[in-house]
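Presented below is the structure to which this report refers.
The values are calculated or read from the model by the stated rules, or taken from the named source; none is laboratory data. Everything numeric in this text was worked out from a predicted model, so none of it was measured. Because the Cβ atoms are built from the backbone with ideal geometry, glycine has one as well, and the counts that use them run over all protein chains shown.
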Amino acid sequence: MEQKKSYLAIILIQSIYTGMFLLSKAAFNHGMNNFIFVFYRQAVATIFLIPFALFFEWKKAPRLSLVTFCKIFLLSLCGVTLSLDVYGAGLIYTSATLAAATTNCLPVITFFLAVLFRMEMLRLKTIPGIAKFVGILICFGGALTLAFFKGPHFKIPCFHHLFGLHQAHQTQGQVSSGMSWIKGCFFLLMSNTCWGMWLVLQGRVMKGYPSKLLFTTLSCFLSSVQSFVIAIALERNTNEWRLGWDLRLLAVAYCGTVVTGVAFNLQAWVIEKKGPVFLSMSTPLNLIFTMLCSVFLLCEVISLGSIMGGLLLVGGLYSVLWGKAREQKMEEGLCLPAADVEKAGSEMKAVTTH
């Protein structure tokens, strides 16, 4: 029964992220400004998290020093605000399927950054080390394939567009532009790089402020302030800031509450029960769910390049994860201290999609 709960949890997590990609893309197709969207999303997430943070961790929270606050501010700026703003720009130029495909890069990018910061070792003289290096190269090849190769397009008959037919035609026109597609791929990869940087560096910051829920709430609050400054500087039209009972409000509420409140907690539960590798290996499910829903609900056209690039990203992800799992088994077999084993797997512990 415990095994079934874990599998149901990862299916639910990836389904939630599929809904995030689809609703975000649909909201942008309806003309919502992506910078305003990020502000509202983070503001809703902050309002949602504050009661839980105050109830569960306020009394036992450590003192927040000025240095730690500045570190959290910079982490929020890089890993949350800029990551989400750049992600929204990339999603506008590409498709929900491509956004889901690039999330498979996140564990690999996180590992690569951990190597650069000397928080992780890449032993090229061992088979696991070679597997991780080859996985990085395969992911890089997948990213290039997504950006520069399209090939034939596959159009599956779609008789009903979930959010309006005219938006679907606009999306297809955008995707057909080569430079827009390349620009969108660059933005999505840049977004995942910023998020990976946040994952790598937050461990050091949380050593000085270990209250996870308060840390997340403070990050959301600071991100909402930062994203408001960016949005108000780039968009002064008050009509763009209005939310009605429409798709825009649904997308903001969904991303602010369901993604932040439900998916993040489910991820923490899965990592605790089954480990970070188990969660990372479920990431390709998000690509499959999003591709199917994009084709049948948003009437998106899928290209051969998107399929090939997505497969390469998944292959690179599994190569890195296989090498990581083998190294952990070797270290456990050599009876290394538990602290060293935990440190070796630290970069995979917080794998998430925004």
Helices (runs of 4 or more DSSP H) wholly inside the stretch 200-316 containing at least 2 residues that are within 20 Å of Leu82 (Cα to Cα) and either of a type in the set (S, T, N, Q) or at pLDDT below 80 (or both): 212-234
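Quick one: which of Leu64, Leu106 is under 22 Å from Ala43 (Cα atoms) and among the hydrophobic types (A, V, I, L, M, F, W, C)?
Values: Leu106 fails: under 22 Å from Ala43 (Cα atoms).
When all the criteria are applied, what remains is Leu64.
Could you run through the stretch 1-16 and say how many residues are modelled with pLDDT of 85 or more and in contact with a Phe, Trp or Tyr (Cβ under 8 Å, 6 or more places away or on another chain)?
Residues of the stretch 1-16 modelled with pLDDT of 85 or more: 8-16.
Adding the requirement that they be in contact with a Phe, Trp or Tyr (Cβ under 8 Å, 6 or more places away or on another chain) leaves 9-10, 14-15.
Matching residues across the stretch 1-16 total 4.
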Residue list for the stretch 80-112, restricted to those being under 12 Å from the mean Cα position of the chain (by Cα) and farther than 29 Å from Gly305 by Cβ: Val80
Out of (1) touching a Lys or Arg at 6+ places or on another chain (Cβ under 6 Å); (2) over 25 Å from Val320 (Cα atoms), what's the single condition that is false for Pro128? (2)
Check Ser227 against each of (1) closer than 13 Å to Leu49 by Cβ; (2) polar (S, T, N, Q); (3) touching a Ser or Thr at 6+ places or on another chain (Cβ under 6 Å) and name the one condition it does not meet. (1)
Quick one: Val225 ticks every box in (1) surrounded by 15 or more Cβ atoms within 10 Å (Cβ to Cβ); (2) in contact (Cβ under 8 Å) with a residue 12 or more places away in the chain except a single one, so which number is it? (2)
Unmet criterion (only one of (1) crowded, with 23+ Cβ neighbours inside 10 Å; (2) closer than 22 Å to Trp198 by Cα) for Ala27: (2)
With a cut-off of at least 3 residues that are at pLDDT 90 or above and farther than 19 Å from Phe21 by Cβ, name the helices (runs of 4 or more DSSP H) lying wholly within the stretch 61-137. 66-76
For the stretch 9-17, indicate whether the set of residues that are assigned to a loop (DSSP other than H, G, I, E, B) and of a type in the set (A, V, I, L, M) is non-empty. no
